[in-house]
Amino acid sequence: MTKTLSYTVEKRPTAWSFVSGKIAALESELLPRSFFEAILKAPNRAEARASLGKSGYRVLFPDDKSLDNISAILDQKGKDIRAEIFSLCPPHPLENFFGIPSRFRTFRTLFNQASKGANPSVADLDALFPVFAVEEAYADGLREHRDMLFRKNPPQTATPLERSIYLDSAACSLMRVMADFVPEKLVRECMIDRALLTAWSGIFRLRWADVPADMIRTWYVYENSRDLASSILAAETEPKAEISKRLSVRSSAILEGIDLNRIKADIDAASADVLRETVLACRMVPFGAERVLSYLVANEVEMVNLELSLSAVAFGIDREVTQSRLRREYA
């Protein structure tokens, strides 16, 4: 029997009118690339903070010392923005989808703690999955990950690296599972592509760090299968080949146009570029979940660019390299 969500997903575009109006105003405040380039020209922390000007980020960094915690401060800001947006939205899987990174950090910590000792409790480990997934219907989509707990050579007794691969693949699989519960075609397309690209970039980062291919094939499970990792690794010399077949037509065409050197230099930035056209298409929908997704992705990109530029100044990271890693903004 197919499991359902504990709530009804709102399909009427008119139910999204208020939040769509709020987002229209927020979109006008998105920062252009020149803003981050100006930060990169700052000679010191004080000037970098001054470069924030009248943006909403200036208050987050009241003194130079606060730049020691750029990542944590921006992470909390992102949570606050998402909480505000979703407080205005009808119920929708997008809320849980954008909450995956934050919940995953807790899930990973709890899983690793519960795996300690000679005989880890399989029941306790299995019970973590519904909490991580939030909905039983989502957790059911992680069946292979959960079944692995009960088999010979389970993840709880694996090496830390093997367990990390297993857990990372669970997060990507959860992203993919949630997409199946989304009624809006563009939103579903973007969610599926994002899950695939996250898995793709994760697998290649592992290989480029000299993690054995056999280890990745064994522990990277996506959509209750090891097919994705095996297929990607089989075409390892051509990183775009296998993933292009699985992406939407729109995203596949963009990926094909991205230079291989760009992918190897910063695969996460390349992935963000691939999703850009779908996100912009979502922005063109006047009311609905599409508009929410488009703004939240744009805000994520802005946060990444801000963290990159501020970190370069605060910690002496090469400015030219940092500028090459800036994402294409949505301002």
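The values are calculated or read from the model by the stated rules, or taken from the named source; none is laboratory data. On a predicted model such as this, the values are computed, not experimentally measured, just so you know. Don't worry about glycine lacking a Cβ; one is built from the backbone with ideal geometry, like all the others, and counts go over all protein chains shown. Just the protein is used for accessible areas: all its heavy atoms, side chains included, with ligands, DNA and RNA removed. Shrake-Rupley method; radii C 1.70, N 1.55, O 1.52, S 1.80 Å.
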Quiz item: What are the residue pairs meeting all of these: first residue in the range 313-331, first residue closer than 28 Å to THR278 by Cβ, second residue assigned to a helix (DSSP H, G or I) and among the charged types (D, E, K, R), Cβ atoms under 7 Å, and 6 or more apart or on different chains?
Solution: GLN323/GLU37; LEU326/ARG33; ARG328/ASP273; ARG328/ARG276; GLU329/ARG33; GLU329/GLU302
Practice problem: Could you tell me which residue of the range 1-38 is nearest to ASP140 (Cα to Cα), considering only residues that are more than 24 Å from the chain's Cα centre (by Cα), at pLDDT 90 or above and aliphatic (A, V, I, L, M)? | Solution: ALA25
Quiz item: Residues of the range 255-291 being under 18 Å from VAL301 (Cβ atoms) and assigned to a loop (DSSP other than H, G, I, E, B), which ones?
Solution: ILE258, ASP266, MET284
Practice problem: Output the residues belonging to the range 173-188 that are of a type outside the set (A, V, I, L, M) and open to solvent by 10 Å² or more (accessible area, probe 1.4 Å). | Solution: ARG176, ASP180, PHE181, PRO183, GLU184, LYS185, ARG188
Self-check item: Looking only at the range 8-46, and only at residues there that are open to solvent by less than 50 Å² (accessible area, probe 1.4 Å) and in a loop (DSSP other than H, G, I, E, B), the one that is farthest from ARG82 (Cα to Cα)
Solution: ALA42
